[in-house]
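Encoded as structure tokens, the structure appears first; notes follow it.
The values are calculated or read from the model by the stated rules, or taken from the named source; none is laboratory data. Since the model is a prediction, treat every value here as computed from it, not as a measurement. Note that each Cβ is placed from the backbone with ideal geometry, even for glycine, and that neighbours are counted across all protein chains shown. With ligands, DNA and RNA removed, areas are computed over all heavy atoms of the protein, side chains included. Shrake-Rupley method; radii C 1.70, N 1.55, O 1.52, S 1.80 Å.
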Amino acid sequence: MRIRFVFSLLLAVSAAAQPRGRLGPLIEEALERNPEILAARKRVEAARQRSVQASSLADPVLSAGYSANGGPLPGQGLGTEPTSNIGFMLSQQIPAPGKRRLRGAIEAKSADAATQEYWMAQLSVISRLKSAWHRLHHNYEIIGLLDRNRTLLERIAKVAEIRYASGKASQQDLLKAQTQLSLLALKRERFEQDRLAREAEINVLRARPLDTPVPRPESIEPRESMLTLEKLAGQAQAYAPILQRETANIQRAELALNLARKDAAPDFTVSGGYFTMGRMPDMYQARLDITLPFFTRARQRAAVAEQAHSLDAARRTYQAAGNALLFRLKDDYLASGASWRLMRLYSTTLIPQALLTLESSMAAYETGQVDFLSLLANLTAVLEYEEGYHEEMMNYHLALIRLEEATGLELVEE
């Protein structure tokens, strides 16, 4: 068999094709089953119940009792003594106007922040699932590439063995070929281990047993993202859950400051009662109690100062989160652009040139014009460039996935 025919194995597709799968169903499954998402959803539902509790009135107080003359027992002196009676009173505490509304609004903003954390949990799980999926695809591609190169190298080694038997090659050629085969096996083992780890990660994210089969990712055709950094930044500023959460925290702090200022306003307690006097006319009682904040001014001033500092801290936190988000956007945007350009360089220049050089050296090796070490170096160069192409394709998609998590946009089609 001519070695030129063997060269075509580099571009051949493996005959044992494993069934391919899509990422979409896995994402749907993760959204339904992932415990992080489910826990975040329950935290939102719990937070939404606090607003009603905070804005509700305190429970009324029912008091029952008696007054007796001539003895401690109920009814003694009833009807003969004007101070003897049996009855009850009902009291209701009423906060100053606006306090209940503010307390409810504060908890509503806390629920808004919890809602944004729920969206953040969804984006995080989807991002990690997509990243694991593309790493799994990368592992399959590199394993297939190593297998094809191993097949080619084994056939080249047979040719070298034939040349050695005829006295046209040295024993060193055979030893170098065997060493390279061992290196390919070592590298394949590392990628096989990472493949199993990525499958386990996918199963964890979709809440399945770790040994649940994961389909091999279907072929991924990279597409250049046409969005600009300004578009991504605008989308993040408007819709990024982390910024929306910090906005809700600022609004909550503003409401808490207003409530602290209202704490100086007096609260009321309204009471009403009925007492039977026996043969004497019944007695009715009504009372209005007002709290006088004479001894709480220092405490109230400290509470206002505390909430003012908390509001300033919330605003600084928003600013810090925005700055970090913009840096992350630019970093990932530049990384995706660099990976795309490197992919183009590998696919249009380096790999075609290396393949032509390898084909030429293989033909020359048949006639003894090129030594085995040069042929091996050219084969290694092809493997290195193809690995580099797949590495940059993975890095490109991972950068886009991170941009998706930051902006909520769908940049990687599945």
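What's the total number of residues in region 289-311 that are part of a helix (DSSP H, G or I) and open to solvent by 70 Å² or more (accessible area, probe 1.4 Å)?
5
Examine region 314-329 for a residue that is touching a residue at least 40 places away in the same chain (Cβ under 8 Å) and over 30 Å from Leu227 (Cβ atoms), and state whether such a residue exists. Within region 314-329, one or more residues are touching a residue at least 40 places away in the same chain (Cβ under 8 Å) and over 30 Å from Leu227 (Cβ atoms). Check whether at least one residue in region 156-177 is open to solvent by 30 Å² or more (accessible area, probe 1.4 Å), part of a helix (DSSP H, G or I), free of Cβ contacts under 8 Å to residues at least 40 places away in the same chain and among the polar types (S, T, N, Q), and report yes or no. Yes, region 156-177 contains a residue that is open to solvent by 30 Å² or more (accessible area, probe 1.4 Å), part of a helix (DSSP H, G or I), free of Cβ contacts under 8 Å to residues at least 40 places away in the same chain and among the polar types (S, T, N, Q).
Any chance region 194-202 includes a residue that's open to solvent by 70 Å² or more (accessible area, probe 1.4 Å) and within 24 Å of Thr380 (Cβ to Cβ)? The answer is no, given that none of the residues of region 194-202 is open to solvent by 70 Å² or more (accessible area, probe 1.4 Å) and within 24 Å of Thr380 (Cβ to Cβ). Taken over region 180-233, residues that are closer than 25 Å to Arg150 by Cβ and out of contact with any Ser or Thr (no Cβ under 8 Å at 6 or more places or on another chain) amount to 26. Here region 65-91 is the region considered, the condition is being in a strand (DSSP E or B) and open to solvent by less than 30 Å² (accessible area, probe 1.4 Å), and the residue that is farthest from Thr276 (Cα to Cα) is Ser91.
Just to be sure before I move on: is Leu373 open to solvent by less than 40 Å² (accessible area, probe 1.4 Å) and touching a residue at least 40 places away in the same chain (Cβ under 8 Å) in the structure I sent? No. In region 197-206, what residues are over 14 Å from Pro25 (Cβ atoms) and in contact (Cβ under 8 Å) with a residue 40 or more places away in the chain? Across region 197-206, the qualifying residues are Arg198, Glu199, Glu201. When region 352-369 is filtered for residues that are open to solvent by 20 Å² or more (accessible area, probe 1.4 Å) and assigned to a helix (DSSP H, G or I), the ones remaining, listed by number, are Pro352, Gln353, Leu355, Leu356, Thr357, Glu359, Ser360, Ala363, Glu366. Could you please find all residues in region 337-359 being touching a residue at least 24 places away in the same chain (Cβ under 8 Å), aliphatic (A, V, I, L, M) and under 27 Å from Val412 (Cα atoms)? Those that are touching a residue at least 24 places away in the same chain (Cβ under 8 Å), aliphatic (A, V, I, L, M) and under 27 Å from Val412 (Cα atoms): Leu342, Met343, Leu350, Ile351.
Residue check: Ala233 meets all listed conditions (1) open to solvent by 30 Å² or more (accessible area, probe 1.4 Å); (2) more than 21 Å from Ser110 (Cα to Cα); (3) within 45 Å of the chain's Cα centre (by Cα) but one, namely (1).
Do the conditions hold for Leu345, that is, is it more than 30 Å from Ile126 (Cα to Cα) and modelled with pLDDT under 95? In short, no. Scanning region 283-307 for residues that are closer than 30 Å to Ile86 by Cα and modelled with pLDDT of 90 or more gives Met283, Tyr284, Gln285, Ala286, Arg287, Leu288, Asp289, Ile290. Here is the figure for region 254-265: residues that are out of contact with any Lys or Arg (no Cβ under 8 Å at 6 or more places or on another chain) and open to solvent by less than 50 Å² (accessible area, probe 1.4 Å) total 3. Picking from residues in region 12-37 that are modelled with pLDDT of 80 or more and open to solvent by 60 Å² or more (accessible area, probe 1.4 Å), the one that is nearest to Ala108 (Cα to Cα) is Glu36. Residues being more than 23 Å from the chain's Cα centre (by Cα), within 28 Å of Pro95 (Cβ to Cβ), assigned to a helix (DSSP H, G or I) and not charged (D, E, K, R) are entirely absent from region 269-282.
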